[in-house]
Each structure stands twice: as structure tokens, then as C-alpha cells.
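A quick write-up on the structure given underneath.
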Amino acid sequence: MAGRTKTIAFANNKGGSGKTTTCANVGYSLSTLGKKVLLVDGDMQLNLSLSFFAEDQVLEFAAGEKNLYHAIRGEKDLSDYVIHTSYGNVDLIPSSTLMSGIEYELFTKWQRELILSRGLEKIRDSGEYDYILIDAPPTLGGWVMNILCASDYVILPVEASPWGLFGVANMFEFLENVKKLAPGLELLGVVITKLDARKNYGRQTMEVLNQFAEVTVFDTVIRVDSEIEWAQDNSKPVMVHKKNARSAGEYLELAKEVDKNVRRSR
């Protein structure tokens, strides 16, 4: 992919993994490190958009035509769909509840796996952003394949719980199939989320992940923190909500690790 911009998808076919929260807070943390970040909300649940804008604004975006659904449906240049947040180095392409029908919209299109990649081409080539972060829905299908084909890397958040690893083997298999279309796609790493230090699930999760060959697990772990939910309730990144929150520091460290791993892989 041309230019210095690097695109990272946050994906997991299991809901509740902390995927969107990780995408939002890593994105904001990268911005505090001096990186210009574009967030792309690829999920009909709108949660990435709600991480930066109040509910009434997000619903307005979703009801209008300046959102990802209309861009993908019309195979438009996505640079016309960028919305500035109140944070200087963070922009957003919002989602719509109509994304629930995106698989149908893609079905009849030519080279449908590459529509998002083509839509992002002008943005990537401009070099305006250091990172484009895409929040994928918790499914495996044509739209997630689109997201992965548009990405240089994928990060897989995994919840440290008894069911957190459910389906992770399917996710790895799906990634291998996508690589047949996008051979440059790289699994940047797995990040363990929602770790409760009082329980043994973190160790168990790590033991299972270590069984998969060539899978990198980030050193930074995101522990359970009520401040994350309070931040979400206020439509803010946790670092903005409470700078000294434990999770704010963890997301910052994860962002540093992400940036380091990307620079190392170039």
C-alpha cells in the first residue's frame, strides 16, 4: 500500500472481546504520541462512533448520508466522509445501522472484497494520517473480508474469560483464507483484554494462545477497570475521562507497543 499510512483492523468474530474499546483507546493514545489517526467505524452497532461523539450526533450521522454505509454502497472515495472529532489528531468515518445489510449490498458488486480498499486509496496515498484503524463487526463474512483486505495488519483482542477463546481457531483460519486475496496482511498480535487479576483466566488464555504457532501476544494486558465504562457513558476515550485511570495507562502502553511493532515490521 502506497504512502506511509498504515491500516490496522481490530477484529474478532466473538462479541464482547473489547475489540471496539481497544480500537478507540489505542487510536486516541496514538494521537497523544503525535500520530494522526483516522478511525473507521465498520460496525452497525455504532460503538466506535459513540466513543467520540454524543448519541444524538451519532444518530444524526447514521440517519444521514455522510457515513460508511452510503460510501460503500456507492463505492465512493472515503475522503469525502471524514468527520473531525474534538481531538486534534483524531478523525472518524462514522457507521450506520444500515450496515446490517452491507453483505447484500456487496453481493452484486465487481471485486467486492476490495471496495473498502479502493475507497481508502486516496486517503492512504495522501499520507495525511499515520494510522487508519478499522473496527470490524464480530462476524466472519464478506464485509470483514473487505476490512481485512484493506488492512496492512490485524489486531485480535481476546477476552480473558472461559468463553473468550471460543472460536479463535476459526478466526485464525479465516485470516489465512483472506491472505490468499491479501498476501501482505499480517497479524500484528493478540491483546488480552478484561483481565481480572483475582482469577486464573489470564494464565489459561495465554497457555491456549501459546499453542498457536507464530502468534504474537502483546506484552501489555488490559485489565478490568470500571473507568472504561464510565468513559464510554460519557462518549470519551478513557484517557480523556480520567487521565490517571489504570486502563488509560495500559492503553497508552499498548499504543506504544503497537507503534513499535509496526515500525519493526516495515
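The values are calculated or read from the model by the stated rules, or taken from the named source; none is laboratory data. As the structure is a computational prediction, the values presented were derived from the model and not from experiment. Cβ atoms come from the backbone with ideal geometry, glycine included; neighbour counts cover every protein chain shown.
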TODO: Collect the residues in the range 161-190 that are in contact (Cβ under 8 Å) with a residue 60 or more places away in the chain, over 29 Å from Asp125 (Cβ atoms) and in contact with a helix residue (DSSP H, G or I) (Cβ under 7 Å, 6 or more places away or on another chain), keeping them in residue-number order.
DONE: Gly164
Open item on the list: Of the residues Ala197, Ala245, only one is among the hydrophobic types (A, V, I, L, M, F, W, C), farther than 18 Å from Leu165 by Cα and over 18 Å from the mean Cα position of the chain (by Cα); which?
Closed with: Ala245
Open item on the list: Among (1) touching a strand residue (DSSP E or B) at 6+ places or on another chain (Cβ under 6 Å); (2) at pLDDT below 90; (3) not in a loop (DSSP other than H, G, I, E, B), there is one condition Leu187 misses while meeting the rest; what is its number?
Closed with: (2)
TODO: Working only within the range 99-111, note down all residues that are touching an Asp or Glu at 6+ places or on another chain (Cβ under 9 Å) and outside any loop (DSSP other than H, G, I, E, B).
DONE: Met99, Leu106
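Just a yes or no: is a residue in the range 115-123 closer than 28 Å to Tyr69 by Cβ, surrounded by fewer than 21 Cβ atoms within 10 Å (Cβ to Cβ) and touching a Cys at 6+ places or on another chain (Cβ under 6 Å)? It would help to see each step written out before you state the result.
The initial filter retains those residues of the range 115-123 that are closer than 28 Å to Tyr69 by Cβ, namely 115-123.
Still in the list and also surrounded by fewer than 21 Cβ atoms within 10 Å (Cβ to Cβ): 117-118, 121-122.
With the extra rule that they be touching a Cys at 6+ places or on another chain (Cβ under 6 Å), the set shrinks to 117.
Looking through the range 115-123, at least one residue is closer than 28 Å to Tyr69 by Cβ, surrounded by fewer than 21 Cβ atoms within 10 Å (Cβ to Cβ) and touching a Cys at 6+ places or on another chain (Cβ under 6 Å).
Hey, could you check the range 30-86 for residues that are charged (D, E, K, R) and not in a loop (DSSP other than H, G, I, E, B) and say which is farthest from Ile134 (Cα to Cα)? If you could, list the steps in order and put the result at the bottom.
So the first thing to find is which residues in the range 30-86 are charged (D, E, K, R), and the list is 35-36, 41, 43, 55-56, 60, 65-66, 73, 75-77, 80.
Subsequent filtering for residues that are not in a loop (DSSP other than H, G, I, E, B) retains 41, 55-56, 60, 73, 80.
On the way: Asp41: 6, Glu55: 20, Asp56: 22, Glu60: 21, Arg73: 18, Asp80: 17 Å.
Across the range 30-86, the extreme among qualifying residues is Asp56.
Condition check ((1) in contact with a strand residue (DSSP E or B) (Cβ under 6 Å, 6 or more places away or on another chain); (2) closer than 15 Å to Asn12 by Cα; (3) modelled with pLDDT under 95) across all residues:
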| position | (1), (2), (3) |
| --- | --- |
| Leu148 | yes, yes, no |
| Glu159 | yes, yes, yes |
| Thr193 | yes, yes, yes |
| Gly202 | yes, no, yes |
TODO: Assess whether Ala160 counts as being touching an Asp or Glu at 6+ places or on another chain (Cβ under 9 Å), surrounded by 22 or more Cβ atoms within 10 Å (Cβ to Cβ) and farther than 20 Å from Phe212 by Cα.
DONE: no
- [ ] Output the qualifying pairs, or none if there are none: Cβ atoms under 7 angstrom, residues six or more apart or on different chains, first residue in the range 116-129 and farther than 22 Å from Ser31 by Cβ and touching a residue at least 12 places away in the same chain (Cβ under 8 Å), second residue basic (Lys, Arg) and surrounded by fewer than 19 Cβ atoms within 10 Å (Cβ to Cβ).
- [x] Gly119/Lys76
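Of the residues Val168, Val190, which is farther than 23 Å from Leu39 by Cβ and crowded, with 16+ Cβ neighbours inside 10 Å?
On the way: Val190 fails: farther than 23 Å from Leu39 by Cβ.
Within the list Val168, Val190, the selection yields Val168.
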TODO: Would you be able to say whether some residue in the range 46-69 is free of Cβ contacts under 8 Å to residues at least 40 places away in the same chain, farther than 25 Å from Ser235 by Cβ, surrounded by fewer than 22 Cβ atoms within 10 Å (Cβ to Cβ) and not aromatic (Phe, Trp, Tyr)?
DONE: no
